[in-house]
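Trainee: This is the structure, below, for whatever I ask next.
The values are calculated or read from the model by the stated rules, or taken from the named source; none is laboratory data. Just so we're clear, the structure is a prediction, and the values are computed from it rather than from any experiment. Here Cβ is always computed from backbone atoms with ideal geometry, including for glycine, and neighbour counts include all displayed protein chains. Just so you know, the surface numbers come from the protein's heavy atoms only, side chains and all, with ligands and any DNA or RNA stripped out. Shrake-Rupley method; radii C 1.70, N 1.55, O 1.52, S 1.80 Å.
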Amino acid sequence: MSEIIVNKLIKMEEYISELEEFKPETYKEYKNDQLKRYAIERLIQLIIDLALDVNNVLIKRSDHYPAQDYYSSFLELVELEILPEEFARDIAPSTGIRNRLVHEYEKVNDKVVYQNLDKLVKYYLDYIK
C-alpha cells in the first residue's frame, strides 16, 4: 500500500477518534451545542473526503476510468475487488451526507446527522481495515 494511502487512512482514524470524543450523549445536547455540531459536521466531511481521495487513488492506479461521482467511487472498488459489494453499497450513501454538509443543498437535518454518527464511525473504521 502506498504511503499516500496509508497517511490518509491514519488521518481518517484520527478524525474518527475526535468524532467519537465530540459526540454528545443525547440528541438534545447535540442540537443545543452549535459549536460542537459544526465540529462534528466538519469531521464527517473530512473523514468522507479522505475516503474519496483513497478511492480515487486506487481507481487511478488500476488504470480504470475515474468514477462518475463520489457514490460510484465506492462501487468501483467492488469491481477492483478491494471492497465487498454489500459493504460498498452500505457506505456509498454517506457521500450524500457529505454533499449536504459541504454544499448545503438543503438545510442540514441535525437529527439525521446525529442518528447516523455511530453508523458512520463503524463504516469508516471498517473501511480503514
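Trainee: Considering only residues that are touching a residue at least 12 places away in the same chain (Cβ under 8 Å) and open to solvent by 40 Å² or more (accessible area, probe 1.4 Å), which ones fall in the stretch 92-117?
Mentor: Pro93, Val102, Lys111, Val112, Gln115
Trainee: Where residues in the stretch 118-129 are free of Cβ contacts under 8 Å to residues at least 60 places away in the same chain and touching a helix residue (DSSP H, G or I) at 6+ places or on another chain (Cβ under 7 Å), which of them is nearest to Glu25 (Cα to Cα)?
Mentor: Applying the filter and picking the extreme gives Tyr123.
Trainee: Can I ask one more? Taking the stretch 1-51 as the search range and keeping residues that are closer than 14 Å to Val121 by Cα and aromatic (Phe, Trp, Tyr), which one is most open to solvent (accessible area, probe 1.4 Å)?
Mentor: Among those residues, the one meeting the criterion is Phe22.
Trainee: May I ask you to list the residues in the stretch 52-86 that are buried (at least 16 other Cβ atoms within 10 Å of the Cβ) and in contact with a Leu (Cβ under 9 Å, 6 or more places away or on another chain)?
Mentor: Within the stretch 52-86, Val54, Asn55, Leu58, Ile59, Ala67, Tyr70, Ser73, Phe74, Leu75, Glu76, Leu77, Leu83 qualify.
Trainee: May I ask you to list the residues in the stretch 78-123 that are over 16 Å from the mean Cα position of the chain (by Cα) and either of a type in the set (Ser, Thr, Tyr) or part of a helix (DSSP H, G or I) (or both)?
Mentor: Val78, Glu79, Glu85, Glu86, Tyr105, Asp110, Lys111
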